[in-house]
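**Student:** Here it is, the structure in full.
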Protein chains: 2
Amino acid sequence: MKPIPILVIAAIIAAGVSGAMTFSAGGADDESSPIFGVKIPSGYRDWRLISVAHEEGNLNDLRAILGNDIAIEASREGKLPFPDGTIIARLAWSYDPLEESIKAFGRPQSFVAGPPKNGVQFMVKDSRKYAATGGWGFAHFDDGKPANEAVHNTCFACHQVAQSRDFVFNRYAR
Amino acid sequence: MKPIPILVIAAIIAAGVSGAMTFSAGGADDESSPIFGVKIPSGYRDWRLISVAHEEGNLNDLRAILGNDIAIEASREGKLPFPDGTIIARLAWSYDPLEESIKAFGRPQSFVAGPPKNGVQFMVKDSRKYAATGGWGFAHFDDGKPANEAVHNTCFACHQVAQSRDFVFNRYAR
């Protein structure tokens, strides 16, 4: 049996419960981000790659930007604004030195993704539903649990810096 | 029209020419890695993500490790050795500071994939064909052109450090 990451379990639960019935506690509603109501999209870990990044400073992680088919197509073509239905996922992991590489190179110089770190984030494009925030709904999950409202109030404020790129920082890595 | 990366063009040419007929010059044979005879696999940029990494030092790049379906399945399950048919792709890009992030954070701290850098590499598992090199065939391409024999002689020597992991440095990022 392969170990199943907790985010995948959360996604399966969210996907399975959604649309079936309403629970008063412990159901799908608990899994939505505040303000925007975004859930963890099922199967996002298998989405294709938009780009990769390294955050230095306090964040100190390695990250991958993945996209659903609409996001990949639009990113590749450089089409702005992103069409409705676009979902962009930001995964991040601990920035860990690779032990085998130290042996091969004789010095630490290769850094690889360790355990998950700094949560997982999503941007969902719905130009009508999220008109007040540039057409984007935001979500941040730690261990499958959405962060609080204060955290979600910071998303759009920061992404406004990238307004000329439809609020998306990353470009498709060719 | 979206711009088509040169590696994709090379892959299309290699895939289209392969098996059709033999050219004396400019054909598919030119696109194979020396020693191992590995070609650029068609559509590898759309493969799923195994992990991400940052090489410091002279390499100074951001990289993504992608895998074909067999590679993804095996990596996820931590199944060793990798089965025949596994192909692992190592893409790399320039390690570039993100301008918009400097504006958002007030300091350079986000680094993202810039233009392609340090070529693209593949490991192909065929336990019989490549028995002398741990069952792996190696390939390094710069701008779609395979590197020379001397370069390809270094592949297995370095990967031997990771013998206990079937010569693969990267682990699946969960």
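The values are calculated or read from the model by the stated rules, or taken from the named source; none is laboratory data. Just so it is clear, the structure is predicted and the values come from calculations on it, not from any experiment. Backbone-built Cβ (ideal geometry, glycine too); neighbour counts: all protein chains shown. SASA here: full protein model, heavy atoms, side chains in, ligands and nucleic acids out. Shrake-Rupley method; radii C 1.70, N 1.55, O 1.52, S 1.80 Å.
**Student:** Excluding A:L59 itself, calculate the net charge of residues whose Cβ lies under 14 Å from the Cβ of A:L59, where each Lys or Arg counts +1 and each Asp or Glu counts -1. Display every interim value, and only then the final one.
**Tutor:** On the way: positive: A:R63, A:R90, A:K117, B:R107; negative: A:E55, A:E56, A:D61, A:D142.
Its environment carries a net charge of 0.
**Student:** For B:L80, what charge total do you get from the other residues with a beta carbon under 12 Å from its beta carbon, if Lys and Arg give +1 and Asp and Glu give -1?
**Tutor:** On the way: positive: B:K79, B:K125, B:R165, B:R171; negative: B:E77, B:D166.
Residues close to B:L80 contribute a combined charge of +2.
**Student:** Dipole magnitude of segment B:105-174 about its Cα centre, charges +1 at Lys/Arg Cβ and -1 at Asp/Glu Cβ only, in debye to the nearest 20?
**Tutor:** It comes to approximately 340 debye.
**Student:** To the nearest 10 Å², what's B:E73's accessible area with a 1.4 Å probe?
**Tutor:** Here the residue's solvent-accessible area equals roughly 80 Å².
**Student:** Kindly report, to the nearest 10 Å², the accessible surface of A:D143 as traced by a 1.4 Å probe over protein heavy atoms only.
**Tutor:** Ignoring ligands and nucleic acids, A:D143 comes out at about 120 Å².
**Student:** Hey, another quick one. Each label point is 7 Å from the Cα along the Cα-to-Cβ direction; what then is the distance between the points at A:I102 and A:E149, in nm?
**Tutor:** 4.7
**Student:** Another question, if that's okay. Positive end of the charge dipole of segment B:27-174 (Lys, Arg +1 and Asp, Glu -1 on Cβ, about the Cα centre): tell me which of B:H140, B:L91, B:I50 has its Cα farthest that way.
**Tutor:** Among B:H140, B:L91, B:I50, the one farthest towards the positive end of the dipole of segment B:27-174 is B:I50.
**Student:** Note down the magnitude of the dipole of segment B:134-174 about its Cα centre, charges +1 on Lys and Arg C-beta and -1 on Asp and Glu C-beta and zero elsewhere, to the nearest 20 debye. Present the calculation step by step, with values, prior to reporting the outcome.
**Tutor:** On the way: 4 positive and 4 negative charges, 61 e Å.
The dipole magnitude comes to about 300 debye.
**Student:** For segment B:29-174, restrict the atom set to alpha-carbon positions and state the Rg and Dmax in Å.
**Tutor:** 16.2, 55
**Student:** Oh, and also: If contacts are Cα pairs under 8 angstrom and at least 6 residues apart, what is the relative contact order of segment B:51-174 in percent?
**Tutor:** On the way: 211 pairs, mean separation 26.5, N = 124.
The normalised contact order for segment B:51-174 reaches 21 percent.
**Student:** Considering the options A:C155, A:S127, A:A71, tell which one lies farthest towards the positive end of the dipole of segment A:38-166, charges being +1 on Lys and Arg and -1 on Asp and Glu at the Cβ, about the Cα centre.
**Tutor:** The residue sitting farthest along the positive end of the dipole is A:S127.
**Student:** In peptide B:53-59, what is the residue-averaged number of other protein chain Cβ atoms found within 10 Å of each Cβ?
**Tutor:** The mean count of partner-chain Cβ atoms within 10 Å per residue comes to 6.
**Student:** Cα to Cα, under 17 Å, and not fewer than 8 places away if on the same chain: which aspartates and glutamates meet these conditions relative to B:K39?
**Tutor:** By straight Cα distance, B:K39 reaches B:D29, B:D30, B:E31, B:D84, B:D126, B:D142, B:D143, B:E149.
**Student:** Can you classify segment B:125-167 as rounded, prolate or oblate using the Cα gyration tensor, where a ≥ b ≥ c are the square roots of its eigenvalues, rounded means a/c under 1.5, and otherwise it's prolate if a/b beats b/c and oblate if not?
**Tutor:** prolate
**Student:** Can you work out ³J(HN,Hα) from phi for every residue in segment B:81-94, in order, using Karplus 6.51 cos²θ - 1.76 cosθ + 1.60 and θ = phi - 60°, giving whole Hz and x for Gly and Pro?
**Tutor:** x, 5, x, 4, x, 4, 10, 10, 10, 10, 9, 8, 9, 4
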